[in-house]
Amino acid sequence: MNLSRTARPMLAIAALVFGLILASCAPAAPAPAPQPTQAPAATQAPAATQAPAATQAPEPTTAPPPSAGAFKLADSIAAKMAKGEKPVIRVSYHDVSNEFAPQIKAGVDKAAQELNVDAVMVGPTGADADKQIAELESLMASGVDGLAVSSVSTDALAPIIDKALQAGIPVVTFNTDNPRSQRLAFVG
């Protein structure tokens with residue numbers, strides 16, 4: 001399907017709103033079953049056949065990122081949605097001085113009106129990953145309820161997208177995907 005530059009942000013915002021509604025109604029996910037830290041003694045290989053400690057793979061130092069099915073909406077956002085309050089969504093475009101920015105802004109404005117959400121297009125002037133990351137950090141601190149992101153750089157923005165998701169803020173990507181992140185969906 002070939003979506004116009006105006007339709008993409010509208011669809012991204014609609015996906016966020018739909019996700020907010022579903023996530024605020026969903027029951028809490030059950031805790032995962034604890035995993036054994038070592039195999040039972042009967043199945044362990046004899047010490048003589050095990051690789052020396054120096055050649056074994058090191059234990060991971062951080063937990064792997066959550067899978068898409070593991071996303072949990074922040075309690076504050078869920079409470080806001082349950083009360084029927086207007087969600088605050090920011091659409092971060094990688095370069096607001098880009099020739100397509102006016103069409104994208106028109107789509108965001110139209111979606112905000114039609115879906116009754118507080119949606120605003122934001123983003124740096126010029127394709128600057130550091131500025132986009134700083135803006136996303138600021139938006140997260142201000143208490144946004146959802147983000148739609150057109151990444152200037154997959155490598156640079158994947159960690160901030162994952163950070164937002166870990167904080168319970170739903171994130172979809174549009175226009176430019178960020179497959180290295182755990183984003184919930186891509187519209188393009």
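Out of (1) open to solvent by 20 Å² or more (accessible area, probe 1.4 Å); (2) at pLDDT below 95, the odd one out for Gly107 is which?
Among (1) open to solvent by 20 Å² or more (accessible area, probe 1.4 Å); (2) at pLDDT below 95, the lone unmet condition for Gly107 is (1).
Would you point out which residue out of Ser181, Ser150 is of a type in the set (Gly, Ala, Ser), touching a strand residue (DSSP E or B) at 6+ places or on another chain (Cβ under 8 Å), within 14 Å of Asp95 (Cβ to Cβ) and in contact (Cβ under 8 Å) with a residue 12 or more places away in the chain? Lay out the reasoning, then the answer.
Working: Ser181 fails: within 14 Å of Asp95 (Cβ to Cβ).
Only one candidate qualifies: Ser150.
Answer with yes or no whether Pro159 is modelled with pLDDT under 90 and over 20 Å from Ala12 (Cβ atoms).
Numbers: modelled with pLDDT under 90: no; over 20 Å from Ala12 (Cβ atoms): yes.
No; evaluated as a whole, the condition is false for this residue.
Results for (1) surrounded by fewer than 20 Cβ atoms within 10 Å (Cβ to Cβ); (2) in a loop (DSSP other than H, G, I, E, B); (3) at pLDDT 95 or above, shown as yes or no for each residue.
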{"position": "Gly126", "(1), (2), (3)": "yes, yes, no"}
{"position": "Glu135", "(1), (2), (3)": "yes, no, yes"}
{"position": "Ser151", "(1), (2), (3)": "no, yes, no"}
{"position": "Lys163", "(1), (2), (3)": "yes, no, yes"}
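Search segment 137-149 for residues being of a type in the set (A, V, I, L, M, F, W, C) and not in a helix (DSSP H, G or I), and hand back the single one that is farthest from Lys72 (Cα to Cα). Even if it seems obvious, please write down each step before you answer.
Step one: list which residues in segment 137-149 are of a type in the set (A, V, I, L, M, F, W, C), which gives 139-141, 144, 147-149.
Keeping just the survivors that are not in a helix (DSSP H, G or I) gives 144, 147-149.
Details: Val144: 15, Leu147: 15, Ala148: 17, Val149: 19 Å.
Filtering first and then ranking leaves Val149.
When you scan segment 93-103, do you find a residue that is open to solvent by less than 40 Å² (accessible area, probe 1.4 Å), more than 16 Å from Leu73 (Cα to Cα) and in contact (Cβ under 8 Å) with a residue 60 or more places away in the chain, even just one?
Taking every residue of segment 93-103 in turn, at least one turns out to be open to solvent by less than 40 Å² (accessible area, probe 1.4 Å), more than 16 Å from Leu73 (Cα to Cα) and in contact (Cβ under 8 Å) with a residue 60 or more places away in the chain.
Of these, Ala112, Ala129, Ala134, which one is of a type outside the set (Val, Ile, Thr), under 18 Å from the mean Cα position of the chain (by Cα) and closer than 22 Å to Ala74 by Cβ? Talk me through it step by step, then tell me what you get.
Working: Ala112 fails: under 18 Å from the mean Cα position of the chain (by Cα); Ala129 fails: closer than 22 Å to Ala74 by Cβ.
It is Ala134.
The values are calculated or read from the model by the stated rules, or taken from the named source; none is laboratory data. Worth saying up front: this structure is predicted, and the values here are computed from it rather than measured. Note: ideal-geometry Cβ built from the backbone for every residue, glycine included; neighbour counts use all protein chains shown. All accessible areas refer to the heavy atoms of the entire protein, side chains included, with ligands and DNA or RNA removed. Shrake-Rupley method; radii C 1.70, N 1.55, O 1.52, S 1.80 Å.
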